[in-house]
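The values are calculated or read from the model by the stated rules, or taken from the named source; none is laboratory data. Model, not experiment: these values are computed from the prediction. Methodologically, a virtual Cβ is constructed for each residue, glycine included, from the backbone with ideal geometry; neighbour enumeration extends over all protein chains shown. Keep in mind that these areas ignore ligands, DNA and RNA; they rest on the heavy atoms of the full protein, side chains included. Shrake-Rupley method; radii C 1.70, N 1.55, O 1.52, S 1.80 Å.
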Protein chains: 2
Amino acid sequence: MGLVTGEPVVVEVLRGETVESRHLGALAVVDAAGALHTAWGDIDRPVFPRSAVKLLQALPLVTSGAADAFALSDAELALACASHSGEPAHVATAQGWLTRLDLSAEHLECGTQWPAREPVLRALVARGEVAGPLHNNCSGKHCGFLCLACHLGHQSGAANRAGFARGYVAPEHPVMREVTHALEVATGQDLARAPRGIDGCSIPTYALPLRALALAFARVGTGSGLPPDVASAAARLRRAVAQAPFMVGGTDRFDTEVMQALGERLCCKVGAEGVYCASLPELGLGLALKIDDGASRAAEAVMAQLALRLLRPSGDAATLLQRLAAPVMRNWRGTEVGRLRMRLEG
Amino acid sequence: MGLVTGEPVVVEVLRGETVESRHLGALAVVDAAGALHTAWGDIDRPVFPRSAVKLLQALPLVTSGAADAFALSDAELALACASHSGEPAHVATAQGWLTRLDLSAEHLECGTQWPAREPVLRALVARGEVAGPLHNNCSGKHCGFLCLACHLGHQSGAANRAGFARGYVAPEHPVMREVTHALEVATGQDLARAPRGIDGCSIPTYALPLRALALAFARVGTGSGLPPDVASAAARLRRAVAQAPFMVGGTDRFDTEVMQALGERLCCKVGAEGVYCASLPELGLGLALKIDDGASRAAEAVMAQLALRLLRPSGDAATLLQRLAAPVMRNWRGTEVGRLRMRLEG
């Protein structure tokens, strides 16, 4: 009968009152000492966190001194942690940052991506514009890499900052070595032993257990278990994201809406293929989840449900999270045809 | 630990050589007598077939005499069976058909849908156009419903064809009663006892076992087990789809490419939420499959794999199906980052 996975169902997709589709998944919630608060499914299987760890990947931008040397704003630091929608504010912020580095979009190695959101794409085309690397959802992270490259290049006496930066997406480049080291410090994992893949924006991505990813975000939220400079950099990035949540996503984007509502109570980030990571500083907890099939609709719903349960918000934040945890599906005429139903228990 | 599904893994998504995501699913291949050729997973659980049964829903358009009365072309009949991309040829064909009915886009009850394919959407916006109901992927099916309504209205002496047609998406409308009856004849199921939902285009969709859906498509491919007029209508629709495969999907669409390559050897149709149905007339077989989480990438790969195994094509058709059964994933710079791997055995 073939391989059967033991992962539990976390979300059901209902059409009317009938289950149409199902999403399996796993999640870990741990504290900064690694003690397990909640586990669901297999939390020790390696998972590619993809963009869910952009905040960890931005840590060297701060610890290196680059953020101070280039006087980075909250908006720029938030953009370094973003998977943005390529809206004008994102593109302008990335462009302004590159200009201060005496670099341009051609130095970005993330590739060209047309905005994924239909209204954003339509607006861009209607303005007569053409997408480029600045519109790539990772362009802010790559501006951060280029900024770090400029700083490292200056420190090492490189005559040409663009020349030093070239090839920064390769695992062995000084920039990516700093990024990999930061991931190791935060997660406590040896990445040389982790499965490695190439991410959508061409940098390496390492598969790690959800347990270790959750631990990293508990540390990021508390500073506990991190060297002081890393703890301080994590706090600065969390504040920047809370100050500029639009930069992290965009119009109608989950992370933007949730962090606009919750501020520094929750620092959450989506990753491709159904991943979420988050810090909940007031509880001293970090979480990481993976939907087995890669569906973001289920990852978002589970993230919202966990935020509701753990943070117990009130008012508008509660209303928002309740909507996101059980989203209604409408058809082309706007008729309600179904909804997502949470299967997480306990 | 919560609900665990017993469905087997049918497709793995690899990043590098590491499994990043997994898709579970079920499938049935049966002959026109209902004898099981292949089964994988639970084939008796009700599944919403969504758009995968559009050919069955178009049967009354032919059996009623409407197709002859309005001298429908192969392109129009194929469009009635389509989930098209809203490209100019689709829109023009739908518009021309409506004009012959003395009706217009405002009579379509499918709702407005912007083209889902990014290049098609960009081209539409760049032309300064705005999407309407004609761009909806179901507009051809709805033209078929309106055409049937005109025919039934004329037969019943209705003074006003638009008035008779109004509300045709409702289960109790004469048009939808004919459509429901055709589904019952083809599948042998009593739809009054089946779970009912509302489809994306507002018509009812009934959840049926994959076994029954596969049987219907074995019958469609052979005529066996169907009343003579239904068997003849099924053959006519299959020929129309094989003659005009672009109408069924569009540029770079799976169904279009596969049927362009295989002609009448395979009549396949995707449905939303990971469904495929197909007739393989030369083998006397029908098939139906559902990816548990609704992922079309996995549904397409499994459909391609089954076509390869069952039809054993050669030349360009084999090359195409091999590519579609193990699609390569590339990132924004065009670098190969992963691929889909089939887990179907036996």
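Worth pointing out:
- At R0 = 45 Å, FRET efficiency that the Cβ-Cβ distance of residue B:44 and residue B:160 yields, to 0.05: 0.50
- Rounded to whole numbers, the Karplus 3J(HN,Hα) couplings from phi for the range A:176-191 are 6, 5, 5, 5, 5, 4, 4, 4, 5, 5, 6, 8, x, 9, 8, 6 Hz, using 6.51 cos²θ - 1.76 cosθ + 1.60 with θ = phi - 60°, and x at Gly and Pro.
- Stretchable slack from residue B:123 to residue B:17, in nm (0.36 nm times residue separation minus alpha-carbon distance): 34.5 nm
- Since only A:79, A:214, A:14 are under comparison, the one whose Cα sits farthest along the positive direction of the charge dipole of the range A:3-342, derived from C-beta charges on Lys, Arg, Asp and Glu, is A:14.
- For the range B:1-139, Kirkwood radius (reciprocal of mean inverse C-alpha pair distance, Å): 18.7 Å
- 10 Å Cβ neighbours from other chains, averaged over peptide A:117-125: 3
- Protein-only accessible surface order, largest first, of B:83, B:224 at 1.4 Å: B:224, B:83
- Apportionment of accessible area to carbon and sulfur, chain A, percent (1.4 Å): 50 percent
- Cβ-based net charge around residue A:259, under 12 Å, with every Lys or Arg adding one and every Asp or Glu removing one: +2
- Solitary cysteines of chain A, where the nearest other Cys Cβ is not under 4.7 Å: A:81, A:143, A:147, A:150, A:267, A:268, A:277
- Two-decimal log10 I(q)/I(0) for chain B, as the Debye equation yields it once each C-alpha is a single scatterer, q = 0.06, 0.12, 0.15 Å⁻¹: -0.20, -0.83, -1.28
- Each other copy holds its own label point for residue B:99; taking that point as 7 Å from Cα along Cα to Cβ, the gaps run 5.0 nm, nearest first.
- Seen against the Cα atoms of chain B and their longest principal axis, helix B:296-311 is set at about 80 degrees.
- Using a Förster distance of 25 Å, the FRET efficiency for residue B:89-residue B:33 (Cβ separation, nearest 0.05): 0.05
- Mean-position separation - Cα centroids, the range B:204-230 and the range A:15-29, in angstrom: 29 Å
- Efficiency of FRET between residue A:130 and residue B:335 - r from beta-carbon atoms, R0 22 angstrom, step 0.05: 0.50
- For the pair A and B, total buried accessible area rounded to nearest 100 Å², probe 1.4 Å: 5000 Å²
- Inter-chain shielding of A:36-43 (mean C-beta neighbours from other protein chains, 10 Å cut-off): 1
- Stretching residue A:170 away from residue A:252 to a fully extended chain increases their span by 26.2 nm, per 0.36 nm per residue minus the current alpha-carbon distance.
- DSSP loop GluC sites (Glu not before Pro) with at most 14 other Cβ within 10 Å: longest gap in chain B: B:173-344
- Each other copy holds its own label point for residue A:309; taking that point as 7 Å from Cα along Cα to Cβ, the gaps run 3.8 nm, nearest first.
- Once the Cα atoms are used to define both axes, helix B:88-100 deviates from the longest principal axis of chain B by about 20 degrees.
- Separation of the residue A:326 and residue A:112 label points, Cα + 7 Å toward Cβ, nm: 4.5 nm
- Shielding of peptide A:6-16 by partners, expressed as the average count of other chain Cβ atoms within 10 Å per residue Cβ, is 4.
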